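Scroll down for the structure; my scribbles are underneath it.
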Amino acid sequence: MTSSRKMKLGLSLRYLGYHSAAWRLPGVPADGATQFQFFLKSAKQAEAAKFDTIFFADGLAVRGSDNPKGVLARDMKNVELEPLTLLSAIASHTSHIGLVATASTSYNAPYHVARKYASLDHISGGRTGWNVVTSWSEQEAWNFNRDEHLGYDERYEMAHEFVDVVTGLWDSWDEDAFLRNKESGLFYDESKLHVLDHVGKYFKVRGPLTSARSPQGRPIIYQAGASEAGRELGARVADVLYSNALTLDSAQEYYLDMKNRAAAHGRDPSQLLVMPGITIYTGRTKAEAQAQFDQLQELIDPLIGLGILGQYFGDLSDHDLDGPVPAPNNPKIRSMAENLYNEAQAKNLTIRQLYQLAASANSQRHIIGTAEEVVDSMQEWFENDAADGFNICPPAMPVSLDSFLELILPELRKRNLVRTEYDGGTLRQNLGLAEPAQGDVRSRSYAVS
């Protein structure tokens, strides 16, 4: 039985891969995270494979404390390229693939975000997406005139208003506002200019935006929160959700919950796409796939493992690494801490085993297997209300992308699960999302407490 529905595929390209020891693997350029050509090559490969997007997560600091001592000096996550600058350069060398980057609602101004993403959308011909995050680390606060990070509830409340302001600014001009009539002397139609005049709890922004309406109506909004506050934000404002479920059951729960929440906000649930993150280790045989995984696991420095768990469970350096995992201690990212703790409890993992699990896929789901086994799992999630597609998070670049394109992609195409050609010229068209109405996000109800 065939279906016209196709998986959406995104490729996450931050750093050198999603395994914490990726930079130590032979064949991985250790300085790649600061090299334009490193990312451009991957973007072109993804476009040739007809991926929907490339995605760059981002943070505004070298995040994480040096606890245990020596962790940061062993971590590859310390220098990188600013993603919007990078995507602007990539845009000029690509023509179809979507360009998605993170921008924080805690440490930016709405006008800056609205203008930058609108500009990238014009540069790329309508291929831009904004991943909305509230940030989570104290290290980011220290770079923006603060001694401590904003409170959890406050930053989510701020995020709702921030997105409303950005989308309102994106509605500053009607699509046909600019006449540019040399004979009459009229550059734009005054009736088609909309001044926002926003005055809220956190922001006061007049507008209008110094950018014409987006080629795709407005840039696509992505979001990844799985906590109650994160889910409510995503259901109200997002077009695409990145999720972090580790099991089919939890993925189905999240998928159904988010579709229902979207409907409760007066939205068509089919217009909210859910794309779980997945890290794939594959080979021509199961043994070959396992060997690739094992090679990277052997490169995990114990200090790195403890540093990863530290953000969820506190300092565990005084604990027995082969002992039980304690409950999370004031985690910075609550949903990921809960996922890891539940996994440790379900599988009776030790601290060592849990940090090995977390290091293998940046604390998210991973699969080890042949192309048939990997695609079996992807298809199961796709056909059973757990996913509309996947955000592929390669363990090590470029070798893992090469393996995906050589082994996984042909199997996906064999089963008619993915496209072989792009559906349109904009990211919105390729995702199958409807053109937005003027003011659509702002009209969704949200009561500020």
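Here, each number is a calculation from the coordinates, and none is a lab measurement. Here the structure is a predicted model, which means the values were calculated and not measured. Reconstructed Cβ throughout: ideal geometry from the backbone, glycine too, with neighbour counts over all protein chains shown.
Listing for the model above:
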item	result
Tally of residues being touching a Leu at 6+ places or on another chain (Cβ under 6 Å) and farther than 22 Å from Leu13 by Cα across segment 402-427	0
Pick from segment 69-80, criterion within 17 Å of Gln139 (Cα to Cα) and part of a helix (DSSP H, G or I), ranking: nearest to the chain's Cα centre (by Cα)	Leu72
Filter pass, Ser20 being crowded, with 20+ Cβ neighbours inside 10 Å and assigned to a loop (DSSP other than H, G, I, E, B)	yes
When residues of segment 229-273 are limited to those that are among the acidic types (Asp, Glu) and in contact with a helix residue (DSSP H, G or I) (Cβ under 9 Å, 6 or more places away or on another chain), the one surrounded by the most Cβ atoms within 10 Å (Cβ to Cβ)	Asp239
Some residue of segment 316-338 being free of Cβ contacts under 8 Å to residues at least 12 places away in the same chain, acidic (Asp, Glu) and touching a Ser or Thr at 6+ places or on another chain (Cβ under 9 Å)	yes
Segments classed as helices (runs of 4 or more DSSP H), wholly inside segment 217-315, with at least 1 members that are more than 23 Å from the chain's Cα centre (by Cα) and under 17 Å from Thr134 (Cα atoms)	none
Boolean, Asp239 is touching a strand residue (DSSP E or B) at 6+ places or on another chain (Cβ under 6 Å), of a type in the set (D, E, K, R) and within 24 Å of Ile333 (Cβ to Cβ)	yes
Meets criteria (of a type in the set (A, V, I, L, M, F, W, C), surrounded by 16 or more Cβ atoms within 10 Å (Cβ to Cβ), under 26 Å from Gln438 (Cβ atoms) and within 18 Å of the chain's Cα centre (by Cα)) for Trp130	yes
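Residue-by-condition table, conditions (1) within 25 Å of Asp423 (Cβ to Cβ); (2) among the β-branched types (Val, Ile, Thr):
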site	(1), (2)
Leu40	yes, no
Gln45	yes, no
Ala48	yes, no
Phe51	yes, no
Ile54	yes, yes
Leu60	no, no
Gly64	no, no
Lys77	no, no
